[in-house]
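*Asks:* Before I ask anything, let me first share the structure, which is written out below as structure tokens.
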Amino acid sequence: MNEDLLEHLESYLTERRKMLFSKVLAQRTRHFTVAVEDVYQLHNTSAVLRSCDVFGLQDVHVIEERLGKKMDREIAMGAQKWVDIHRYNDTKSCIARLRSEGYRIIATTPHKDSQYLQDFDVTEKAAFFFGKEREGLSEEVLSEADEFLKIPMVGFTESLNISVSAAITIQHATTKLRNSNLAWELTAEEILEKRFDWCKKSIRSIDDILQRYQKTHS
């Protein structure tokens with residue numbers, strides 16, 4: 001990371017903007033992440049992305065094995081600028097990457113021998129998988145899952161909309177995480193990287209500014 005370049009770019013931001021970046025980054029985490037598998041209704045994926053931003057998850061993994069679509073920008077309400085979206089053509093590659101990064105695979109499902117959300121252990125890194133609106137998660141996720149998780153329900157309906165389920169799960173897990181003694185924050189290097197990334201996404205004439213900087217510092 002070129003900290004001189006970062007300082008130069010941040011000179012184009014208002015103090016309020018820089019303070020907001022610092023405030024948000026202080027609450028960001030990669031201890032938890034979310035994976036969305038082939039969701040039919042695009043606005044549901046976009047709403048999940050927005051919830052990840054709201055509750056401080058930095059990464060979202062989107063599996064588009066059968067349903068390759070663009071994120072619904074209106075419903076995401078700009079969250080796609082601040083959350084890192086990782087796209088996959090198949091479930092297998094997504095699971096493989098998450099495992100390589102030390103994540104437990106958590107299948108969210110009201111079925112099977114699922115534990116309740118309030119009993120979930122936040123100690124280890126975890127990736128919460130959410131499936132299709134009607135079908136739920138694929139057999140591949142269910143067979144690969146390390147744990148199964150469900151939200152307590154006491155009504156006649158046995159399931160929630162995927163975006164609602166994700167919001168409840170993320171909010172509960174991150175609240176429990178922040179009340180723990182775990183080191184859940186981004187590293188200093190990750191914070192610098194995101195400051196640089198967010199600067200580039202916030203400055204309209206970023207390409208011209210970068211070109212001028214490179215010419216004067218080459």
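The values are calculated or read from the model by the stated rules, or taken from the named source; none is laboratory data. Note that the structure is predicted; figures quoted are calculated from it, not measured. Using ideal geometry, Cβ is built from the backbone for each residue, glycine included, and neighbour counts are taken over all protein chains shown. Note: areas computed on protein heavy atoms with side chains; ligands, DNA, RNA excluded. Shrake-Rupley method; radii C 1.70, N 1.55, O 1.52, S 1.80 Å.
*Asks:* In this structure, does Gly78 turn out to be modelled with pLDDT under 80, surrounded by fewer than 20 Cβ atoms within 10 Å (Cβ to Cβ) and over 14 Å from the mean Cα position of the chain (by Cα)?
*Replies:* Numbers: modelled with pLDDT under 80: yes; surrounded by fewer than 20 Cβ atoms within 10 Å (Cβ to Cβ): yes; over 14 Å from the mean Cα position of the chain (by Cα): no.
No.
*Asks:* Read through the list (1) over 21 Å from Arg50 (Cβ atoms); (2) open to solvent by 60 Å² or more (accessible area, probe 1.4 Å), then give the number of the only condition that Arg178 fails.
*Replies:* (1)
*Asks:* Please identify the pairs in which a residue from the range 81-92 that is at pLDDT below 95 has its Cβ atom under 7 Å from the Cβ atom of a residue that is among the aromatic types (Phe, Trp, Tyr), counting only partners at least 6 apart or on another chain.
*Replies:* Trp82/Trp198
*Asks:* Any idea which of Leu142, Leu160 is of a type in the set (A, V, I, L, M, F, W, C), farther than 22 Å from Gln58 by Cβ, in contact with a Gly (Cβ under 9 Å, 6 or more places away or on another chain) and not in a strand (DSSP E or B)?
*Replies:* The conditions single out Leu142.
*Asks:* OK, next. I need the full set of residues from the range 105-128 which are more than 15 Å from Val36 (Cα to Cα) and either open to solvent by less than 30 Å² (accessible area, probe 1.4 Å) or assigned to a loop (DSSP other than H, G, I, E, B) (or both), in order please.
*Replies:* Pro110, His111, Lys112, Asp113, Ser114, Leu117, Phe120, Asp121, Val122, Thr123, Glu124, Lys125
*Asks:* Looking only at residues in the range 1-17 that are within 15 Å of Trp198 (Cβ to Cβ) and assigned to a loop (DSSP other than H, G, I, E, B), which one is least open to solvent (accessible area, probe 1.4 Å)?
*Replies:* The qualifying residue least open to solvent (accessible area, probe 1.4 Å) is Leu13.
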